[in-house]
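Structure record follows, encoded as structure tokens.
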Amino acid sequence: MDAGRWRKVRELFDGALGVAPEHAATFLERACADDPALRDEVEALLDAHREAGDFFDTPAVEDALKIVESEPDRLQAGALVGRYRIVREIGRGGMGLVLLAVRADDQFEKQVAVKILRRGMDSEEIVRRFRNERQILASLDHPYIAQLFDGGMTDDGLPYFVMEYIEGQPLDKYADEQRLSIKQRLELFRKVCEAVQYAHQNLVVHRDLKPSNILITTPGVPKLLDFGIAKVLSPDLSASEPTRTETRMMTPDYASPEQVRGEKLTTRSDVYSLGVVLYVLLTGHRPYRATETAPHELARVICEQEPTKPSAAINSVEVVGPGGDSASPTPITPESVSSARDTQPDRLRHLLSGDLDNIVLMSLRKERERRYESAEQLSSDIQRYLDGLPVIAHKDTFTYRASKFVRRNRISVAAACLVFLTLLGGIVATIWQARKAQEQARIANAKSAEAQAALARTEKINRFMQSIFSYANPDWFGRAGGRRDMSVLEAMRDIEKHIDEDFRDEPDLRADIYQQIGDSYRTQGLFDDAERSLREALRQRLELYGEDSAKVAESMYILSGVRHAQGDFAEQERLLTGALATQRRHPDEGNDLPYMMMDYASSLGEFKNDYAGALALDREALAEFRRRYGESHFMVGLTWSVLVRDYINLGDYAQAETIIPIVQEQFKQQPPVLWSILESYAFIKTIKGDYQAAENAIRELSVHAQSQDAKPYMTPAVHNAQSLLAYRHGDYAQAITHAKQALAAQPNLPGAPHASAINLAPSLNKLGQAKRAEALLREEIERLKQSERVFNLARLKSVLGESLTAQRRFTEAETILLEAYETEKARVLPEQYDLSETRQRLAELYRAWGKTDSARRYE
């Protein structure tokens, strides 16, 4: 058997052992559907394992976290690791456990910390990283770095090392609890810099500097630890490291821009992280605040956004929750921050302003060559500050900052300079045709009463346009009551006040201008303002043209999108239905018809479970887009990707797979189309058991998710895909981890169902967390019902039925599972994923209930 084949056998063997015994056969049936010989090999190993007496002696996993946290009995108190007797567990990280221990032969009275690789983490990459940390610690001997005493391998082949036991607190917590002054904090921080400088002199870059990796003992001595992702710069020590692209392990809040971008790291990368640590130590806040929790948004902020000055950060108020169900959010206020530093807010701001602002910000500069050269230089500049001497840090010049801003934001700067032209361009376009016709009357020197009225109308339009453009004039003082510092929003509202007055006798233009202003508000995300203007446009157009008008359809359509953004899905559907019906009667008026078709198709899926109807509408929209724009237009590609989703929702995977490679090739230069196609492809391959193809697609998708052009949904999409893949593999703990990460990154849109919650609950059920899953599912079901959406509702109910079965609430489970089954059966093909899952859950329910005849109907 070759290595690749053996690896797959071992993975499936481990996966079968990781599920409950009664699910092992189902797991193998799915995993080996296309390879019976592979299943025979795995089952032979399982039979041997059972004969050894270990299989049935291993209890089923009872808790979602126990699969992550459990370790063999050998790691319990009193067990031996090498020559050391375990006392208790004191911590755990991504790779290893940290155990308090003593020397078993009593030669050492002093307690030690034993770090041992966790069972299940012993991949080649992780073992190499673990040994690298041990080797690094062996090369370092400094009073402010945790000391290595010993190391070796356990009897079952796991590496471990023994190090100095540090009984202390993280740097920031220690400083706050001791109410250290700014001077005391700086002196303590200089000791940390000394440890980092020593590591750098020994050619070691830590790469994960943060307060939790800097423990302070009771005498106030810092101890730097956790070199698990450190990088050895020495060619001799790093020669064993594979030359390949590694997974970027880091703590994003403390990572440098080059680390976030995956570029080569130097000692100045650690200087940046020290700058973040210093920022937190002085202000109680982190230097960046992303508006979204998605990793790519935080990466964008770290790489582009300039941090707030520490002295200004003191004014900030934020609420942080340390996590956990019982954890209460903690407000960070100027008063609480200054009190922890034994001073008052005004005094603290004064202490930080000037030199300390400059020192911290020099450490945090985006360009590494503009930071301090070393941790020692940073420490020396702090000492100069403490001694009252001039520091080498200085403020960035205005010219430099302005040039950086313009280079990063060329489009934004241009838009800001012409903001009123951008926002009000629609108004100008709206009235241009009227003005053009009236100018023709002027040229002809018409004398009729109608022509004179047209000329008067032209003058009125001219005056209104001049008033609009005056808002963009730097010397503008505005209309009555206007002012120079008026914001864009205030100016828009001020213009809006004069529409009725200026166009009292021109109702058609008045309605068009309200429509354009409402649409401008919408594109800026000002939905309440947009709704107000669009409703007024709709009211006036209904009065002017009646219900059967393309202009009325336009107003209803744009307003429906605003109501969707506001969470009123019932009115959104009503407006969209009316708009589409009206626009179909006027197909040659306006450009919105295919867009309306796509939006209404989406509405059919969300509100009616009518995926066949959605498919028909999307096909119609595709034909219209192709007729208008040709085969290569972005909207053609996007509609193709939506059609793939329609086929998936119906369970027609063969048709979806036929389309995917064609679209992927034709639109590979259109990232949003490619993202959607990759996500769909990963899903299909996952549920069909082609895990390698799915993993490749997810890997490519995750690369795209790091692009600054990626949409916020990309990060949760990647984690949801990884969660489903792990679930199908039988790795429920990993599935939970990814589902939680997706849930944390999910955009918080009104009424939006969390696919991550749907991915989380089945794994909780498999790991004995049925009550927890039930609570989560009922919350999601209620939220969907309140928004009147039915998309994913049957799937949520199906998983809820599984939760109830696990709790032996069979009658409730039967009712809800049958309801989900009938809903799904009515709308999809038999092989559709949700339907097959529900069918299996019904069979499992009846088997657990003892109703074998009923179970056979669904097997």
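The values are calculated or read from the model by the stated rules, or taken from the named source; none is laboratory data. These numbers were taken from a predicted model, which means no experiment stands behind them. When we count neighbours, we look across all protein chains shown, and the Cβ atoms used for this are built from the backbone with ideal geometry, even at glycine. These accessible areas exclude ligands, DNA and RNA; they are computed on the full protein's heavy atoms, side chains included. Shrake-Rupley method; radii C 1.70, N 1.55, O 1.52, S 1.80 Å.
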Inset, instruction - Taking just the C-alpha trace of the stretch 762-859, give me its Rg and Dmax in Å. - result: 12.8, 39
Inset, instruction - Classify the stretch 506-621 as rounded, prolate or oblate from the Cα gyration tensor: take a ≥ b ≥ c as the square roots of its eigenvalues, call it rounded if a/c is under 1.5, otherwise prolate when a/b beats b/c and oblate if not. - result: oblate
Inset, instruction - State, as an integer percentage, the relative contact order of the stretch 793-859 based on alpha-carbon contacts under 8 Å between residues 6 or more apart. - result: 31 percent
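Sort the stretch 575-685 into rounded, prolate or oblate with this rule: let a ≥ b ≥ c be the square roots of the eigenvalues of the Cα gyration tensor; rounded if a/c is under 1.5, and if a/c is not under 1.5, prolate when a/b is larger than b/c, oblate otherwise. Please report the intermediate quantities before stating the final value.
Numbers: a/c = 2.46, a/b = 1.37, b/c = 1.80.
In terms of gyration-tensor shape, oblate.
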Legend entry - Debye intensity ratio in log₁₀ form over the Cα atoms of the stretch 133-188, taken at each q of 0.28, 0.29 Å⁻¹: -1.07, -1.11
Inset, instruction - Compute the separation of the alpha-carbon centres of the stretch 586-636 and the stretch 768-840 and state it in Å as a whole number. - result: 30 Å
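Of Lys766/Lys797; Lys766/Lys825; Lys8/Lys740; Lys740/Lys797, which sit over 22 Å apart, Cα to Cα?
Numbers: Lys766/Lys797 16 Å; Lys766/Lys825 25 Å; Lys8/Lys740 27 Å; Lys740/Lys797 20 Å.
Beyond 22 Å: Lys766/Lys825; Lys8/Lys740.
Of Thr815, Thr26, which has the most accessible area and how do the rest follow, probe 1.4 Å? Please list the in-between numbers first.
Numbers: Thr815 85, Thr26 40 Å².
Putting Thr815, Thr26 in descending order of accessible area: Thr815, Thr26.
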Inset, instruction - Using a cut-off of under 15 Å, list every residue of the stretch 154-191 whose amide N is near the label point 7 Å from the Cα of His350 along the Cα-to-beta-carbon line. - result: 182
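What order, most packed first, do the peptides 605-611, 627-633, 203-209 have when packing is the mean number of other Cβ atoms within 10 Å of each residue?
On the way: 605-611: 20.0, 627-633: 11.4, 203-209: 23.0.
So the peptides 605-611, 627-633, 203-209, ranked by packing, come out 203-209, 605-611, 627-633.
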Inset, instruction - Could you please state how large a percent of the accessible area of the stretch 559-664 is carbon and sulfur, counting protein chains only and using a 1.4 Å probe? - result: 51 percent
Inset, instruction - Could you check how much of the accessible area of the stretch 720-859 is carbon and sulfur, as a whole percent, using a 1.4 Å probe? - result: 49 percent
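Please tell me which of these pairs span more than 30 angstrom C-alpha to C-alpha: Lys183/Lys309; Lys551/Lys608; Lys223/Lys366; Lys210/Lys668; Lys785/Lys851?
Beyond 30 Å between Cα atoms: Lys210/Lys668; Lys785/Lys851.
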